[in-house]
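Structure, as structure tokens:
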Amino acid sequence: MQKKSIIQKNSGLKAECPIGIFDSGIGGLTVFKALRKLMPQENMIYFGDTAHLPYGSKSRASIIQFSVEIAHFLCQQKIKALVVACNTSSAVALSAIKKAVSVPVEGVIVPGARACVRRGFRRIGVIGTEGTVRSGAYAAEIKRFSSQARVFEVACPLFVPLVEEGWWKYGVTEEVARIYLKPLQKARVDSLVLGCTHYPVIKPVISRVMGNNVSLIDSGEQTAQEFEKTLESLNLRKRSGRGWSRFYVSDDPERFLRLSRRFLGSSILVKRVLKKNFE
Ligand code: DGL
């Protein structure tokens, strides 16, 4: 019933139209990468809101305002569906975005939460930005899927700048991880959700600190898998050809360009969009 109404609402959408992906900045490239790997045929437009980065420490009202503006901008580019790659935005602004646009919208919280429960985990750790943890969005979704699950959430704000500095293998990153993750070790979690776009980059460090018995759940990867199924069920999956990618940022592209090489392992072209073009 719900699916039917989405199809009717989007009957003008075509499989050739691009997918829109947005994040507060560079981190969403981990989600872009997962989507690209799974769907090489799809056209994709990525927007990094570098002028407002980081979202993790911003107020709900600001995050909602920025997210809805970006969703409108991407819809002007004729996207067929939108992936909110940013965990903080998914946690606080998803329902506002869904109300504001008429394309299907996927956030990263529900797929991450669902994956934990589906795999039978019962003591689930969640790490994310202050905004994501404060929202309690992961805990709420996990408990919606399983009333027996216990959720332990910890904000790890220093991970974002450490990743952006490229200090992925430096001892200081592991030291910081040991401090942040101690309460989760004490809580004897069986799984840990990487509830922030940047964290998959330091997965080896987090895994080393938590040990082999704790499974790491990458919300971005889970989202890519669920999103592919959503496109298929809506008949919006592009099945042939090689997809193009376009990247926009809201501030000077220089830093994004430099960091993107580290995240993607290849060079990309990035264009700056001024806020006045949103309206
Ligand atoms: N992209 C954000 C997230 O996944 C992390 C960076 C930020 O705080 O903006 O929550």
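Observations, loosely collected:
- Estimated 222 nm signal from helices in the chain, with DSSP H stretches of n ≥ 4 weighted -39500 (n - 2.57), rounded to 500: -14000 deg cm²/dmol
- When +1 charges are put on Lys and Arg Cβ atoms and -1 charges on Asp and Glu Cβ atoms, the dipole computed for region 162-204 relative to its Cα centre reaches about 240 debye.
- By DSSP, the beta bridges lying fully in the chain are antiparallel in about 0 percent of cases.
- Contour minus Cα-Cα distance for residue 75 and residue 158 (0.36 nm per residue): 26.6 nm
- Carbon/sulfur fraction of accessible area - region 180-279, other protein chains in place, 1.4 Å, %: 46 percent
- Efficiency of FRET from Cβ geometry, residue 60 and residue 123, R₀ 35 Å, rounded to 0.05: 0.75
- Inter-site label distance for residue 16 and residue 178 at 7 Å from Cα along Cβ, in nm: 5.7 nm
- Computed lengthening from residue 274 to residue 207, 0.36 nm per intervening residue step minus Cα-Cα distance: 20.2 nm
- For 94, 259, the ranking by accessible surface with the largest value first comes to 94, 259, using a 1.4 Å probe.
- The accessible-area ordering, largest first, of the residues 121, 47 stands as 121, 47, per a 1.4 angstrom probe.
- Our estimate of slack between residue 169 and residue 130, defined as 0.36 nm per intervening residue step minus the Cα-Cα distance, is 11.7 nm.
The values are calculated or read from the model by the stated rules, or taken from the named source; none is laboratory data. Just so we're clear, the structure is a prediction, and the values are computed from it rather than from any experiment. Ideal geometry is used to build each Cβ from the backbone, glycine not excepted, and the neighbour counts take in all protein chains shown. Keep in mind that these areas ignore ligands, DNA and RNA; they rest on the heavy atoms of the full protein, side chains included. Shrake-Rupley method; radii C 1.70, N 1.55, O 1.52, S 1.80 Å.
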